[in-house]
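The structure appears right after this line, and notes come after that.
The values are calculated or read from the model by the stated rules, or taken from the named source; none is laboratory data. Quick caveat, the model's predicted, so the values are computed rather than measured. As a convention, Cβ positions derive from the backbone with ideal geometry for all residues, glycine included, and neighbour counts pool all protein chains shown.
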Amino acid sequence: MGSTEIKNFGIIGWPIVHSFSPKMYMAAFKKSGFDYYNYIAFPIPVGRLMLAVEGFKGLNFRGFNVTIPHKTEIIPFLDAVDADAMIIGAVNTVVNDGGMLTGYNTDVTGFLAALVENNFIADGCNAVILGAGGAARAVLWGFCKRRANSITIGARNYDRAKKLADDFDIYGNVQATDWNTIDFRDAMQRADILVNTTPLGMFPLIDDMPPVDLKLLPDGALVHDLVYNPIQTKLLKTAEELGYPTLPGLPMLLLQGKEAYRLFTGELPDIKVMRKIVMDVKKA
């Protein structure tokens with residue numbers, strides 16, 4: 001516990017000014033006694049990624065997080081990628097061991113841990129995922145790992161959803177639908193959980209929500225929104241008004257950060273400190 005060694009960490013993305021990560025990790029480092037650890041946000045535009053990765057190696061950064069739009073594009077510049085990240089096709093955490101960069105995806109770990117914390121049993125469930133982007137891939141793989149009975153991807157762009165379903169059909173019972181079709185309505189009517197992986201409802205467009213009829217869901221179905229800013233999205237407010245249990249995106253954010261922190265330091269952070277700093281940032 002604690003260290004007087006200087007170690008540097010960071011996060012790359014474009015844009016990156018919105019990230020909670022620097023304050024979240026710095027608070028956790030301080031609580032753990034890592035007084036000489038630093039965590040910096042780096043705005044890296046598309047086309048400069050390889051230079052950024054080489055820069056991290058040259059400066060001997062211990063690790064860094066990766067966010068949009070670099071999660072997939074970074075893979076060719078890494079020396080190794082763990083199994084989850086390889087299947088998902090996206091990396092959000094990179095650890096530097098003496099110049100060897102290994103990529104991980106802690107989103108799937110955070111997603112499944114958030115469900116466990118909420119007492120939701122994913123094993124054998126019928127799941128509906130809204131969206132077919134990078135976040136959907138991690139959620140989809142999480143359900144496949146838990147052997148969900150059925151997984152339906154509902155999206156505005158059917159072709160994109162179909163490609164995602166095809167990528168994962170060897171791992172589970174996955175189907176793609178346009179969220180305006182009868183097939184999607186049927187999937188909603190038997191769903192145990194609905195997960196929004198789209199940015200609809202994210203700040204500043206807080207009055208948006210996916211165009212789905214929540215009344216189709218069976219009683220007791222869990223509505224989970226990965227959006228964490230605002231914590232209570234319009235989708236979650238609507239679901240609560242209809243009597244459905246809900247799960248916001250903040251627990252997943254914290255729990256994926258907890259796993260990244262473990263990969264960086266070999267220790268577990270005080271997640272209460274991480275949560276407090278995120279809440280304080282949101283109030284500022």
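In the stretch 102-132, of all residues being closer than 13 Å to Val195 by Cα and of a type in the set (Gly, Ala, Ser), the one that is nearest to the chain's Cα centre (by Cα) corresponds to Ala114. Just to be sure, is Leu200 in contact with a strand residue (DSSP E or B) (Cβ under 9 Å, 6 or more places away or on another chain), in the same structural domain as Gly131 (by TED's automatic domain parsing) and more than 21 Å from Phe120 (Cα to Cα)? Taking the combined requirement at face value, the residue satisfies it. Within the stretch 145-160, the set of residues being buried (at least 16 other Cβ atoms within 10 Å of the Cβ), out of contact with any helix residue (DSSP H, G or I) (no Cβ under 6 Å at 6 or more places or on another chain) and either under 19 Å from Asp107 (Cβ atoms) or among the acidic types (Asp, Glu) (or both) comprises Lys145, Arg146, Ala148, Arg160.
Taking the stretch 71-85 as the range and being exposed (fewer than 15 other Cβ atoms within 10 Å of the Cβ) and outside any loop (DSSP other than H, G, I, E, B) as the test, the residues that pass are Pro76, Ala80, Ala83. Exactly one residue among Asp84, Asp159 is charged (D, E, K, R), modelled with pLDDT of 95 or more and under 29 Å from Tyr261 (Cα atoms), and that residue is Asp84.
The sole residue among Gly142, Gly134, Gly124, Gly99 that is among the small types (Gly, Ala, Ser) and outside the structural domain of Asp166 (by TED's automatic domain parsing) is Gly99.
This table checks each residue for (1) closer than 19 Å to Gly134 by Cβ; (2) outside the structural domain of Asn119 (by TED's automatic domain parsing); (3) hydroxyl-bearing (Ser, Thr, Tyr); (4) at pLDDT 95 or above.
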position: Ile170; (1), (2), (3), (4): no, no, no, yes
position: Ile182; (1), (2), (3), (4): no, no, no, yes
position: Asp186; (1), (2), (3), (4): no, no, no, yes
position: Asn196; (1), (2), (3), (4): yes, no, no, yes
position: Leu217; (1), (2), (3), (4): no, no, no, yes
position: Glu240; (1), (2), (3), (4): no, no, no, yes
position: Gly243; (1), (2), (3), (4): no, no, no, yes
position: Gly257; (1), (2), (3), (4): yes, yes, no, yes
position: Gly266; (1), (2), (3), (4): no, yes, no, yes
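In this structure, Met50 qualifies as farther than 30 Å from Gly172 by Cβ and more than 21 Å from the chain's Cα centre (by Cα). Per this entry, Thr152 is not counted among residues that are in a strand (DSSP E or B) and in contact with an Asp or Glu (Cβ under 7 Å, 6 or more places away or on another chain). Inspection of the stretch 2-23 identifies at least one residue that is more than 18 Å from Glu267 (Cα to Cα), touching a residue at least 12 places away in the same chain (Cβ under 8 Å) and hydroxyl-bearing (Ser, Thr, Tyr).
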